Amino acid sequence: KDDGTAPNGKYAAWFEEEYDRLINGKYKHLKEMFPSHFDYDAEDLHSGYFSKDKKGRLKDTKGDTQADDSTYELIMKDKERLLDLKEPLRFIFSHSALKEGWDNPNVFQVCTLVETKDTMTKRQKIGRGLRICVDQEGSRVNDEKYNILSVVANESYKDFAKQLQSEMEKEAGYKFGVVEPVSFTDLEVTQSDGNELKLSQEQSEELYKHLKDNDYLNTRNKVTEKFYNTVYDEKASLELPEKYEPFKKKIEKRMLDLSKDIEIKNRNERVKVERNKKVYLSDTFQKAFDKIKQKTFYSVNIDMEDFIYNTVEDITRMPQVESEKVRRERSKLNVTEGGVINDESIRYQAVGDIYEFEKPRYPDLIRRLQDATGLMRSTVIDILIRSRRIKEFNINPEVFIRQVSKIINAKKREYMIDGIMYHKTDDYYVMSEIFDDTDLYGYRDDNVLDISSEKNVYDHVIFDSIIEKEFAKDAEADEDVEIYAKLPLKFKIDTPYGNYSPDWLVVIRSEDEHKLYFVAETKGSQEEKNLRGAERAKILSGRKHFEVLDTGVKYEMVKALKELK
C-alpha cells in the first residue's frame, strides 16, 4: 500500500484460510491437547522477509540491493527471538532471504513455491535446513528423530539430491554405504585388565584386506549378504585374525553403520497406515493389551561394600596416568631483502611436563567425581583412598578424573541392572493413545509391509529392520498366530539406561486351543551376552518388568517367530 503496510497477498490469504480450516476441523484435537501451541491467530503465525526503504516501506527486490542487506541483518539479529517458544511465528515466506548467511538452526521444512533449476540456489535453500537443531538453552540436540529436514519440492530435486550426496562424498573423503581401508582406524576396546587397545591405520588396512578376501566386502567395497547373514545368525561368527578378535563387536557395528546410505524419503511413496478396527476392537486384542497396560517404576538394591570393593579393584588395574607434555622450539629468524630465513642450525628443543611452564590449577576432585557419578561424597572418598591411586591426580588431574569416573559409572550400571526391582503403579497405558494412527505413515519399498489378513491391529506393518519384516511375514503366514502387533514407541518401560520399547505383542493358539501371550524382542542374536551393554541392560529390565506384572505374558528375545512356538 502507499503507506508502506503490507496487505495480504494470495499466499497469505490462502495460508490463513487453510490454517483456520484445518485447526478447527481435522486437527481440532491438537488444539485441545496443546492449547498453548495454538493460542494464536493465523495472521500471527506467518510473515514475510522483504526489503524496506528508509521510510519503512516494503519493496519488491531481487535480493541484491542495500535494502536487502538490512533485511538479512534483521534475520540474524532476531534468531534468538525466532527460536523462542513464545514467539508465534512458524511460517516464513521470502523470495530471497534464504541466500548464504542465514544459519537459523531450527528450520525443519523448506517449501519451494516455484521451480528452481539453478543448482547453487537449491543448495543454499537446502542448506538452511541442514543444521543440527538446538533446544531452548541453545544446546545442540543430536537425536536423529528431531534432526529431519523435509523438502517440499518438484521432481528435479530427486536428481539434485543424488548429485548433492555425490559431492558430499568427495568433500568428506569417504563414500556413503562403502567400507574403505581406513574405516577401522582408531577403533578402541578396553580389556579386562583395564588396558586400552586401539587400531592403527596400518592395522585397519590389513583388516580391510582380510574382509575383502573373505567375501565380507564386494568389489565395490559394499557390505555383502554373507556379512549380514553372519552377523544376524547366532550360530555363525565373523572370521577374523586372532589379534582382531577383541574388536569383533566394534568392527561389526562400524560395518553396519557404514553400510547405511543417506536416508532420503520421497513423500510420493508415503503410505498412510490406519487401524484395523476389527482387530483393534476384538476381545482377544483388548485382553492381550489389558495384560501389559499396567505401568511400573523401578528401585535398585546395591550391596555398597561389594560395589566399592570391585570398583577399587578395577581402578587399581587402570592404565598409568601420564602427565601432559609440551615441546618448546626456538629458531633464529634472519630478515633479509629476499625474505625471512629460518636458521635451522641453532634450533633449540625441549620436551617437559606442562607444569614446568605454568602453575598447576587443580580442580575439586571430590566434587567433580560426585557430579560425574552421582555417588555420595563419603563413597567417593572411600573408593579413592582404598584404590591407592590418588597420587596420580597431581600428575594429570583431568585424565585421572575421566578414567576414574568412567570405571565407577561402568561398575554402577552393572550393579544397578543386577539389583533392579520393578513395582506396580496405579497408572495404566491407554490403548487408544498407544495404538493411535493419527499421522502414521510408512514408505513404500522402504519400511512398510502391506498385509491382507485380519491379524494385525493396523492395515500395514511398519518395520525397522529386515528381521522385523521377516517376523511380520511369518506371523501373517502362521495359522497358530491369532493376533500380533508392533508395539509403538509410546509404549515404554523406564530403565536405568533410559526408556525401552519392546518390539511385538503376539497371541498364539496352542494345540489345546489355549491362548499364549507373548511380548517379543527381535534381535539378530539370541545370546544376551553378545549384545551391547545398554541393549542387554534394557532387555533384562524389560524381562523383570513383565515378571512383576504377573499376568501370564511371557517376555522372550527371539530372532524368528518359530522360536516363540
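The values are calculated or read from the model by the stated rules, or taken from the named source; none is laboratory data. In this text the structure is predicted, and so the values were computed from the model without any measurement. All Cβ positions, even for glycine, are placed from backbone atoms using ideal geometry, and neighbour counts span all protein chains on display. Keep in mind that these areas ignore ligands, DNA and RNA; they rest on the heavy atoms of the full protein, side chains included. Shrake-Rupley method; radii C 1.70, N 1.55, O 1.52, S 1.80 Å.
For a quick check: with amide H placed at 1.01 Å from N, whose amide H comes under 5 Å from PHE93's, ignoring anything fewer than 5 positions away on the same chain?
SER47, GLY48, TYR49
Mind giving me the nanometre distance, one decimal, between the label points for PHE297 and ASP159, set 7 Å out from Cα along Cα→Cβ?
Calculated label separation equals 6.0 nm.
Report the extension gain between LYS272 and ASP290 in nm, rounded to one decimal, defined as 0.36 nm multiplied by the number of residues separating them, less their alpha carbon distance.
Details: separation 18, 0.36 × 18 = 6.48 nm, distance 2.70 nm.
The LYS272-ASP290 span can extend by a further 3.8 nm.
Hey, which of these cross-link pairs are over 31 Å Cα-Cα: LYS31/LYS455; LYS250/LYS291; LYS226/LYS473; LYS31/LYS293; LYS278/LYS469; LYS253/LYS412? Present the calculation step by step, with values, prior to reporting the outcome.
Numbers: LYS31/LYS455 34 Å; LYS250/LYS291 38 Å; LYS226/LYS473 22 Å; LYS31/LYS293 27 Å; LYS278/LYS469 23 Å; LYS253/LYS412 25 Å.
Exceeds cut-off: LYS31/LYS455; LYS250/LYS291.
Quick check: residue separation of ASP474 and ASN310 times 0.36 nm, minus the Cα distance between them. What number comes out in nm? Walk me through the numbers before you get to the answer.
Working: separation 164, 0.36 × 164 = 59.04 nm, distance 4.58 nm.
Here the answer is 54.5 nm.
Using θ = phi - 60° and the Karplus relation 6.51 cos²θ - 1.76 cosθ + 1.60, list the HN-Hα couplings for the range 383-395 in order, rounded to whole Hz, with x at every Gly or Pro.
Once θ is set to phi - 60°, the couplings for the range 383-395 become 4, 5, 5, 6, 6, 6, 10, 5, 4, 6, 4, 5, 6 Hz.
Rounded, prolate or oblate: which fits the range 475-514, taking a ≥ b ≥ c as square roots of the Cα gyration tensor eigenvalues, rounded meaning a/c under 1.5, else prolate when a/b beats b/c? Before the final figure, lay out each step's value.
Working: a/c = 4.41, a/b = 2.58, b/c = 1.71.
Prolate, since a/c reaches 1.5 and a/b exceeds b/c.
Using a Förster distance of 30 angstrom, determine the FRET efficiency expected from the C-beta separation of ARG90 and ARG140, and round it to 0.05. Could you put the intermediate results ahead of the total?
On the way: r = 22 Å, r/R0 = 0.72.
E between ARG90 and ARG140, to the nearest 0.05, is 0.90.
Could you tally the net charge around SER204, taking each other residue with its Cβ under 11 Å from the Cβ of SER204, Lys/Arg +1 and Asp/Glu -1? Don't skip to the answer; put the middle values down first.
On the way: positive: LYS198, LYS209, ARG254; negative: GLU180, ASP186, GLU202, GLU205, GLU206.
Cβ neighbours under 11 Å give a net charge of -2.
If r is the Cβ-Cβ distance from LEU83 to HIS514 and R0 is 51 Å, what FRET efficiency results, to the nearest 0.05?
Numbers: r = 57 Å, r/R0 = 1.11.
Efficiency at R0 = 51 Å is approximately 0.35.
For the range 384-504, with only Lys/Arg (+1) and Asp/Glu (-1) charged at the beta-carbon, what is the dipole magnitude about the Cα centre, in debye rounded to 20? Please report the intermediate quantities before stating the final value.
Values: 17 positive and 26 negative charges, 397 e Å.
For the range 384-504, the charge dipole is close to 1900 debye.
Expressed as a whole percentage, what fraction of the accessible surface of the range 404-522 belongs to carbon and sulfur atoms when a 1.4 Å probe is rolled over the protein heavy atoms?
Details: 2620 of 5740 Å².
The nonpolar share, carbon plus sulfur, comes to 46 percent.
Just to be sure I understand the model, the point goes 7 Å from the Cα along the line to the Cβ. What's the resulting MET431 to VAL189 distance in nm?
4.8 nm
For LYS559, list long-range residues whose amide hydrogen, built 1.01 Å from N in the peptide plane, is under 5 Å from its own amide hydrogen.
Excluding prolines and chain starts, which carry no amide H, the hits are LYS523.
Which FRET efficiency value, to the nearest 0.05, is calculated for SER166 and ARG131 with the Förster distance at 22 angstrom and r the Cβ-Cβ distance? Kindly include the intermediate steps, with their values, before the conclusion.
Numbers: r = 22 Å, r/R0 = 0.98.
Using R0 = 22 Å, I get an efficiency of 0.55.
Using only the alpha carbons, work out the radius of gyration and Dmax of the range 436-482 in angstrom.
10.8, 32
How many nm separate the modelled label positions at ASN394 and SER378, each set 7 Å beyond the Cα in the direction of the Cβ?
2.8 nm
Just to confirm a number: summing +1 for Lys and Arg and -1 for Asp and Glu over residues other than ILE302 whose beta-carbon lies under 9 angstrom from that of ILE302, what do you get? Mind dumping the intermediate values first?
Numbers: positive: LYS412; negative: ASP303, ASP306, ASP418.
Around ILE302, the surrounding residues sum to -2.
If packing is taken as the mean number of other Cβ atoms within 10 Å per residue, what is the order of 29-41, 202-214, highest first?
Values: 29-41: 11.4, 202-214: 16.3.
The densest-packed peptide leads the list: 202-214, 29-41.
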